[in-house]
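The values are calculated or read from the model by the stated rules, or taken from the named source; none is laboratory data. Source: prediction; values computed, not measured. Don't worry about glycine lacking a Cβ; one is built from the backbone with ideal geometry, like all the others, and counts go over all protein chains shown. What goes into the accessible areas is simple: the full protein's heavy atoms, side chains included, and nothing from ligands, DNA or RNA. Shrake-Rupley method; radii C 1.70, N 1.55, O 1.52, S 1.80 Å.
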Amino acid sequence: MNDTTISFANIEILVIGDIMLDRYLWGKVGRISPEAPVPVVKVERTTETLGGAGNVALNLVSLGCRATVIGLCGADSTARTLRELICQKGLVDRLVVDELRPTITKTRIMAQKQQMLRLDEESTHAMGSEAAEKVHAAVSEALTRCHALILSDYGKGLFASEAFVQEVIRTARRLGKPVLVDPKGADWKRYHSADGVTPNTAELEAVAGGSMDGAEARLIAAARQIRSRYDLKWLLVTRGPQGMCLIDASGEPVLIPAQAREVYDVSGAGDTVIATLAAGLAAGLALTEAARTANLAAGIVVGKLGTQPILWSELATALKYSGVQRNYPFSAAKMTAFDAALAKVREWKASGTRIVFTNGCFDLLHPGHISLLYQARALGDRLVVGLNTDASIRRLKGSGRPILSEQDRAAMLSALECVDLVVHFDEDTPVRLIETIRPDVLVKGSDYTPDKVVGKEIVEAYGGCVKLVDLIQGYSTTQLTQKVISEFQKTQRG
């Protein structure tokens, strides 16, 4: 799989589910409370985003799809906030007000880059008949224009009635719309005859009635049995660091390995999986390819702090380098495109991270490069490396360069512990990249003078600094290339 020509622009997906508001209070811990042995978090800022089924819809629009979201909300101020976010994100709002329940809200206290506490406001009772009729009417109307239906079940009451869920599935099937389910609980009778279900291992174990104890054969056997029991076309089990297991009507498992990357937060990964899977199927991908694409997307979002959607630019980069990443799995988390790099850097900066930037061709990686990169990394918390594309290098150095492709050069840089992100730029200089990323420290080698460093004025104008680091003498790609050519010519003459 190496196809970035996939387009989700004309795809519309309907998401029905438990929509909620995810609120984050970000702060720092500086002392323990004198009232009780608990940390005191000094709140510095608050952020709010769509959670639950809302995060599924958010993933869809971030991939370039159109999405309609149907769910329940309360008659409260939180519902107004929820609707405002839905509108801001470009989603179609079909929320139904249920005055007997509050709008579901999860408030997370974040400090020192980790979650300290979560506060939940919710009611999980089944919705009444009046609300059910309104939801079903909204579903029937929206399905006529949508390509697929996602049931995002968080166990908050919307899908408590088996009769209601079955009526929704039958409506979708009459219209020829595939139904994908992100399940909750041990009773899957309500999902009977859906096209596919995407449980994680724990959810599969709950339905199977026992632990798999990490045994792959037992998991596959249980998945086969459950798929058949509930008349599903397929079952996609997400297995965390073990990747995914896809079972269709053939019964033959497709095992998809996880992408090796740094894991910060698994919250929301299931939302990303089902959103990407639905978008891929609606765009015409075969089931296996859609599942592999969803696996790439999940590998990206677990590297983010908090519940955040997959961006199309991130997925496109992963698809572009998927072949390289099979050979160099350690590079998966670090190789990225311009927009995705900006999103990652913004995330780092939000947590107070000091960003260092350097750039170059890095053709034939040598000890001089490695020394520069490790020195640069020591000047901050994260090192972003701007890497010239192949086309950029050909313009700068001639048709004989680069020696190694941009994918291979990025993979080698990504293998270094000191490098946190590699982002390509196609221009002759990294000015646009520097202006966008706004690093705290801009680093070049001591063969430059400060006035010759591209981007110096930009960085210093907003309070950043430029640092020149020592170089190991005697190393350059040009010198190494010339030496290799010279030695080759000697052997030919000999």
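Table for the structure above
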{"quantity": "Selection count, the range 188-213, where residues are part of a loop (DSSP other than H, G, I, E, B) and without any contact (Cβ under 8 Å) to a residue 24 or more places away in the chain", "calculated": "5"}
{"quantity": "Matching residues, the range 312-362, being among the β-branched types (Val, Ile, Thr) and either modelled with pLDDT of 85 or more or surrounded by fewer than 20 Cβ atoms within 10 Å (Cβ to Cβ) (or both)", "calculated": "Val345, Thr353, Ile355, Val356, Thr358"}
{"quantity": "Filter result for the condition that a residue is of a type outside the set (Gly, Ala, Ser), open to solvent by 30 Å² or more (accessible area, probe 1.4 Å), part of a loop (DSSP other than H, G, I, E, B) and more than 19 Å from Glu406 (Cα to Cα), over Leu379, Leu365", "calculated": "Leu379"}
{"quantity": "Residue that is nearest to the chain's Cα centre (by Cα) [pool: residues in the range 380-403 that are basic (Lys, Arg) and modelled with pLDDT under 90]", "calculated": "Arg401"}
{"quantity": "Test: residue in the range 216-238 that is assigned to a helix (DSSP H, G or I), of a type in the set (Phe, Trp, Tyr) and out of contact with any Leu (no Cβ under 6 Å at 6 or more places or on another chain)", "calculated": "no"}
{"quantity": "Residues of the range 124-137 classified as under 21 Å from Val56 (Cα atoms) and either open to solvent by 70 Å² or more (accessible area, probe 1.4 Å) or in contact with a Lys or Arg (Cβ under 8 Å, 6 or more places away or on another chain) (or both), total", "calculated": "1"}
{"quantity": "Selected residue (criterion: least open to solvent (accessible area, probe 1.4 Å)) from residues of the range 113-123 that are within 13 Å of Cys73 (Cα to Cα) and either assigned to a strand (DSSP E or B) or charged (D, E, K, R) (or both)", "calculated": "Glu122"}
{"quantity": "Yes/no for Met110 being in contact with an Asp or Glu (Cβ under 8 Å, 6 or more places away or on another chain) and modelled with pLDDT under 95", "calculated": "no"}
{"quantity": "Close pairs (9 angstrom Cβ cut-off, 6 or more residues apart or separate chains): farther than 17 Å from Lys106 by Cβ and without any contact (Cβ under 8 Å) to a residue 24 or more places away in the chain in the range 33-48, aromatic (Phe, Trp, Tyr) and surrounded by 13 or more Cβ atoms within 10 Å (Cβ to Cβ) anywhere", "calculated": "Glu44/Trp26; Arg45/Tyr24; Arg45/Trp26"}
{"quantity": "Of the criteria (1) open to solvent by 20 Å² or more (accessible area, probe 1.4 Å); (2) more than 20 Å from Ala160 (Cβ to Cβ), which one Met110 fails", "calculated": "(1)"}
{"quantity": "Looking only at the range 188-202, and only at residues there that are modelled with pLDDT of 95 or more and open to solvent by 40 Å² or more (accessible area, probe 1.4 Å), the one that is nearest to Arg173 (Cα to Cα)", "calculated": "His192"}
{"quantity": "Any hit, the range 81-103, residues being in a loop (DSSP other than H, G, I, E, B), in contact with a His (Cβ under 8 Å, 6 or more places away or on another chain) and either among the charged types (D, E, K, R) or modelled with pLDDT of 95 or more (or both)", "calculated": "yes"}
{"quantity": "Qualifying residues in the range 167-178 (those that are assigned to a helix (DSSP H, G or I) and open to solvent by 30 Å² or more (accessible area, probe 1.4 Å)) - the one nearest to Ile13 (Cα to Cα)", "calculated": "Arg173"}
{"quantity": "Hits in the range 213-226 - residues which are open to solvent by 10 Å² or more (accessible area, probe 1.4 Å), under 21 Å from Ala298 (Cβ atoms) and not small (Gly, Ala, Ser)", "calculated": "Glu216, Ile220"}
